[in-house]
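The values are calculated or read from the model by the stated rules, or taken from the named source; none is laboratory data. As the structure is a prediction and not an experimental result, all values here were calculated from the model. With ideal geometry, Cβ positions are generated from the backbone for all residues, glycine too; neighbour counts draw on all protein chains shown.
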Amino acid sequence: MTTMIERSLKYVDERLGTASFARRALRKVFPDHWSFLLGEIALFCLVVLVFTGTFLTFFYNPSVREVVYDGPYRPLQGQHVSAAFDSVLRLSFEVRAGLLMRQVHHWAALVFVAAIVIHLCRIFFTGAFRRPREVNWLIGMALLFLALGEGFTGYSLPDDLLSGIGLRIFYSVTLSIPVIGTWVTYLLFGGEFPAGDIISRLFVFHVMLLPALLIGLVVVHIFVLVLQKHTQFPGRGRTERNVVGKRLWPQQTFKSVALLLFTTAVLALLGGLAQINPVWQYGQFRPFDVTSPAQPDWYIGFLDGALRLGPPWDLTLFGFTISEVFWPAVLFPGIAFGILTLWPWIERRFFTKDYAEHHLLDRPRDAPARTATGMAGLMVFFIMFLEGGNDILGVLLNVSVEAITRALQWALFIAPVVTWLVTFWVCRSLQRSHAHPARISAGLRLRRTTAGGYETAPLDPTGNPE
Amino acid sequence: MDVEQEREREQRLTTDQRRAERAAAVAFTVAILAGIGLFVVYFAGGQTQIEGVLFCLVLGGLGVGVALWANRLLGAHEAVEERHELTSGVAGREAFGHALAEEVGPTLARRSLLVKLLAAAGGALGLALLLPVLSLGPAPGRTLKETPWRRGIRVVDETGRLVTLNSVPEDGFITVFPEGHQGSADAQALLIRVPAGSLELPPERLEAVPEGTHVAYSKICTHAGCPVGLYRATTRSLLCPCHQSQFDVLDGARPFFGPAARRLPQLPLGVDDQGALIALGDFYEPVGPAFWDRGRK
């Protein structure tokens, strides 16, 4: 056994010279903090998505050709449905473990985007995007957009009524872009809605173009991370010049494998027990039908909410029209995500003037203005997300939808300001309290004197030996 | 610390480790058993919920075992790694610049016309490569401004049955299409029956409402294009379930709440000799959400 391993190591090393590189890789140090696992969860969701997604493509048929459903689900027997919808029903009811795979895939997509967003928050609030990591911040933002694109295209593939309405709204949004909107929409959709090509086009985007970009950029993201080494929270023995933590082999590898297994286990449990996107209940998409209440997947919720909150203002200039859809669904996300993408440059140019290299992270309280701005931004998205479910909230709270919309329209302007002020005040109070998790101030250490005796001495604020 | 204490500490560590080993063994056993169970369930015909739980146990059992191994059986000491300088320094960059410009630089400087032509040819290639994109869709033309409704075309419901004045119950509504275009996405219209004399429309538009009771509007929301599928007969208002725009049926489908900015376009209707409803033309305005040249003829 040992000789076999030795022999194969020798074989590979003599041809590729990998042994010394691999040895260095095994010794790589990973800081030990739970928040560093968020990105890993996203990565593991991607692994699950690739495997379950590949399984689904073997059964899915991206065609809108009309067929008569004759499967085991009685309420739809004899109905005219698209081949796409029919194949999803077959996958759900006739392929063994098919429904499990479909539901695990959908749950994995929801957790994937959630993990990316929380990972993004971690990077933002700890200042991990500062020099030299602006490059990886940009790649991360691109990954977020690709993940959203993957989510939306995948959501639309079953050709069910709910996703068809989502697609109709997306069509209206691209149509609202000034000057080029109609052309862009017609090139994207292949004509006036619902042009027959759209499902097969979405399929190509979902299983080929976007995944290729996504996986390629994930590889670059990790490559840059390895090249620049991890950031770390300040603490005893941790400086700008080193990384303190667990080695890749064996501790970090065991931990990551365990996390991969846990992530997959949770997704399997969700996929098995928690029903998601029961398209047979929505039925086949028909352009003149509609369901109520109608909610998209969670990460599109803010956009749907923005559309519900938007003012009924269209603009006519020299005979040309700018749709009321343009402001909430194109302009707002464009500005919001634009600011977020450029944040590393905005922050240093207008606020901190800090162009230095940083490898030690900020505690959120130590950068009160950044923390407050981030929380205010999250509040904007949260209010839009709430409005996206205003019909469900209305039923739950027994309040009219109109009242909820008006209240949230006010909240959209007031709540972020209040959030900013409260967060800023909390950060300042925490700073003043001296209860700082990164500083060991209340402590003494034992020091041996030159005479051979012992004496106590205070620790310096960073906890580092003098 | 005396020797006795030291030995006791080591002993405790090993009992700790032994306990962890035992727990990990249990976890791996659970994974094995769940795996066997998965086989049984699958070949017995499959059952989504049980499959999910068993998959979770296989993966979770493995995960617990590996995590125990990582946290309790492997050394917990921290390692320190020094960072290296990221930059190659001024000298490194200059060397790279030299390597880059060594042979190409002088030729570029000498043949400026050639370089310009190269850039132009590259641009031409870029534009040529864009051409296939134009094949992806037809030119919009007037398609967004027109629907299949024409003067004299008969009104049918979604199954293709001809619609007469009696097809709609009092205070009721149905979805209608031009004959031969059932299910059409842009021609879909709502035919609503309201009490005589209740409509407040300009006189020429009121003439296109048979009996003054059967009024038809486009069913596509002028906001984001969802079918306006909910009708409240008590307030005579239409509600779009997607973004809750509301339209006043009696006042020419004027939007009075929500994000929609424009009325639902009215469809002019008449009655033919056989009593069937017919269109008197297309909708008065382009249907659906706004687009750039919507207001142009």
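Looking only at the range A:263-284, count every residue that is more than 7 Å from chain B (Cβ to nearest Cβ), more than 20 Å from the chain's Cα centre (by Cα) and aliphatic (A, V, I, L, M) and tell me the total.
2
In the range A:66-89, how many residues are touching a residue at least 24 places away in the same chain (Cβ under 8 Å), outside any loop (DSSP other than H, G, I, E, B) and either farther than 18 Å from A:Val207 by Cβ or within 14 Å of another protein chain (Cβ to nearest Cβ) (or both)?
So the answer is 7.
Could you list, in sequence order, the residues of the range A:358-404 that are touching a helix residue (DSSP H, G or I) at 6+ places or on another chain (Cβ under 6 Å), of a type in the set (Val, Ile, Thr) and modelled with pLDDT of 95 or more?
Within the range A:358-404, A:Thr371, A:Val380, A:Ile383, A:Ile404 qualify.
Which ones in the range B:91-138 are away from chain A (no Cβ under 14 Å) and closer than 30 Å to A:Leu202 by Cβ?
Residues satisfying the conditions are B:Leu125, B:Gly126, B:Leu127, B:Ala128, B:Leu129.
Does the range A:391-406 contain any residue that is in contact (Cβ under 8 Å) with a residue 40 or more places away in the chain and closer than 30 Å to A:Thr239 by Cα?
No, because not a single residue in the range A:391-406 is in contact (Cβ under 8 Å) with a residue 40 or more places away in the chain and closer than 30 Å to A:Thr239 by Cα.
Looking at the range B:186-198, can you tell me whether even one residue there is farther than 25 Å from A:Thr174 by Cβ and within 14 Å of chain A (Cβ to nearest Cβ)?
yes
I'd like the full set of residues that are part of a loop (DSSP other than H, G, I, E, B) and touching a helix residue (DSSP H, G or I) at 6+ places or on another chain (Cβ under 9 Å), limited to the range B:202-244.
B:Thr213, B:Cys221, B:His223, B:Ala224, B:Gly225, B:Cys226, B:Pro241, B:Cys242, B:His243, B:Gln244, listed by residue number.
What's the number of the only condition in (1) more than 27 Å from B:Val156 (Cβ to Cβ); (2) more than 9 Å from chain A (Cβ to nearest Cβ) that B:Phe257 fails to meet?
Looking at each condition in turn, B:Phe257 falls short on (2).
Residue under question is A:Ile300, and the condition is that it be more than 10 Å from chain B (Cβ to nearest Cβ), surrounded by 18 or more Cβ atoms within 10 Å (Cβ to Cβ) and part of a helix (DSSP H, G or I); does it hold? If you could, list the steps in order and put the result at the bottom.
On the way: more than 10 Å from chain B (Cβ to nearest Cβ): yes; surrounded by 18 or more Cβ atoms within 10 Å (Cβ to Cβ): yes; part of a helix (DSSP H, G or I): yes.
Answer is yes for this residue.
In the range A:211-239, which residue that is in a loop (DSSP other than H, G, I, E, B) and within 8 Å of another protein chain (Cβ to nearest Cβ) is modelled with the lowest pLDDT?
Applying the filter and picking the extreme gives A:Gly237.
Out of the helices (runs of 4 or more DSSP H) lying entirely within the range A:94-210, which hold 3 or more residues that are within 10 Å of chain B (Cβ to nearest Cβ)? I'd like the intermediate steps shown before the answer.
On the way: elements: A:98-125, A:134-156, A:161-175, A:181-189, A:198-204.
Counting at least 3 such residues, we get A:98-125, A:161-175, A:181-189.
Of all residues being part of a loop (DSSP other than H, G, I, E, B) and not aliphatic (A, V, I, L, M) in the range B:80-126, which is farthest from the chain's Cα centre (by Cα)? Just the residue, please.
B:Arg111
Since B:His77 meets every condition but one in (1) modelled with pLDDT of 95 or more; (2) within 10 Å of chain A (Cβ to nearest Cβ); (3) more than 35 Å from the chain's Cα centre (by Cα), which condition does it not meet?
Result: B:His77 fails condition (1) only.
Identify, from the list A:Pro344, A:Pro312, A:Pro287, the residue that is within 30 Å of A:Leu100 (Cα to Cα) and either touching a residue at least 40 places away in the same chain (Cβ under 8 Å) or within 13 Å of another protein chain (Cβ to nearest Cβ) (or both).
A:Pro287
It is to be established whether one or more residues within the range A:12-21 are out of contact with any Pro (no Cβ under 9 Å at 6 or more places or on another chain), surrounded by 14 or more Cβ atoms within 10 Å (Cβ to Cβ) and of a type in the set (A, V, I, L, M, F, W, C).
No, the range A:12-21 contains no residue that is out of contact with any Pro (no Cβ under 9 Å at 6 or more places or on another chain), surrounded by 14 or more Cβ atoms within 10 Å (Cβ to Cβ) and of a type in the set (A, V, I, L, M, F, W, C).
Can you name every residue in the range A:322-341 that is of a type in the set (Ser, Thr, Tyr) and within 13 Å of another protein chain (Cβ to nearest Cβ)? Walk me through how you get there before you give the answer.
Keep residues of the range A:322-341 that are of a type in the set (Ser, Thr, Tyr), which gives A:323, A:341.
Residue satisfying the conditions is A:Ser323 alone.
Conditions (1) farther than 30 Å from A:Lys229 by Cα; (2) β-branched (Val, Ile, Thr); (3) within 11 Å of chain A (Cβ to nearest Cβ), marked per residue:
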residue	(1), (2), (3)
B:Ala20	yes, no, no
B:Val30	yes, yes, no
B:Leu57	yes, no, yes
B:Leu68	no, no, yes
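Suppose we keep only residues that are touching an Asp or Glu at 6+ places or on another chain (Cβ under 8 Å) and not basic (Lys, Arg) within the range A:126-139. Which one would you say is surrounded by the fewest Cβ atoms within 10 Å (Cβ to Cβ)?
A:Pro132
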